[in-house]
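Notes follow the structure.
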Amino acid sequence: MKKLITLMLVLGLTACSEDAGKVSLGLFTTKDVVIKSEQDPKISGVTCHISHIEADLDFSDPSDMSIACRQTGSILPEHMANIDLSKNGEIIFRESKSILFKSLKVRRIYDSKTKTLMYLSYSTKETNGSHHHALSTVPLYNTQAWSWAEAHSSH
């Protein structure tokens, strides 16, 4: 009984978190579409909106997600000089989606050929034979980081 009360308290606390948006999927379901607004921790001029399903009474949320990232401020050469430029990029956001090690992650990867920041959201656990993922891009064109990108181009 103590474990059930603890689980209900944890679920209640997660339901109270601040989200950019939250839409119920219907009267007879405990599932909602939650939209989080996350600023890139190293490139403050980029904001990503990540939508995913939150199932309040389940032990695991569905793996489906969507992402849209946009320039919402300045992108500076100093920002670019401080990011991981490898093909793997780096994880900029993560959220647990179950008590069984499933999580939603967002990884920033820089495409030097097109001078574009790519933001990949994905689930770390396979669902129905598929790892769910989504991609959004933010080009550096017309930003203050464009000259940095030109100098570091892979042409």
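The values are calculated or read from the model by the stated rules, or taken from the named source; none is laboratory data. Just so you know, these numbers come straight off a predicted model, no measurement behind them. In this analysis, Cβ positions are derived from the backbone assuming ideal geometry, glycine residues included, and neighbour counts consider all displayed protein chains. Each accessible area value is taken on the protein alone, full model and side chains, heavy atoms only, with ligands, DNA and RNA left out. Shrake-Rupley method; radii C 1.70, N 1.55, O 1.52, S 1.80 Å.
Observations on the model:
- Only listed residue being crowded, with 18+ Cβ neighbours inside 10 Å and modelled with pLDDT under 55, chosen from ASP40, ASP32, ASP61: ASP61
- Residues in region 127-146 that are modelled with pLDDT of 95 or more and of a type in the set (Gly, Ala, Ser) were compared, and the one that is surrounded by the most Cβ atoms within 10 Å (Cβ to Cβ) is ALA145.
- For the residues THR124, THR114, the requirement of being at pLDDT below 95, surrounded by fewer than 19 Cβ atoms within 10 Å (Cβ to Cβ) and over 15 Å from ALA68 (Cα atoms) singles out THR124.
- Of everything listed in (1) in contact with a strand residue (DSSP E or B) (Cβ under 7 Å, 6 or more places away or on another chain); (2) under 16 Å from GLN39 (Cα atoms); (3) modelled with pLDDT of 95 or more; (4) aliphatic (A, V, I, L, M), the single unmet condition for ILE50 is (3).
- Listed by first and then second residue, the pairs linking a residue in region 88-103 that is at pLDDT below 90 to a residue that is open to solvent by 40 Å² or more (accessible area, probe 1.4 Å) and of a type in the set (S, T, N, Q), with Cβ atoms under 7 Å apart and 6 or more places separating them unless they lie on different chains, are LYS97/SER60; SER98/SER60; LEU100/SER60; LYS102/SER60; LYS102/THR124; SER103/SER96; SER103/THR124.
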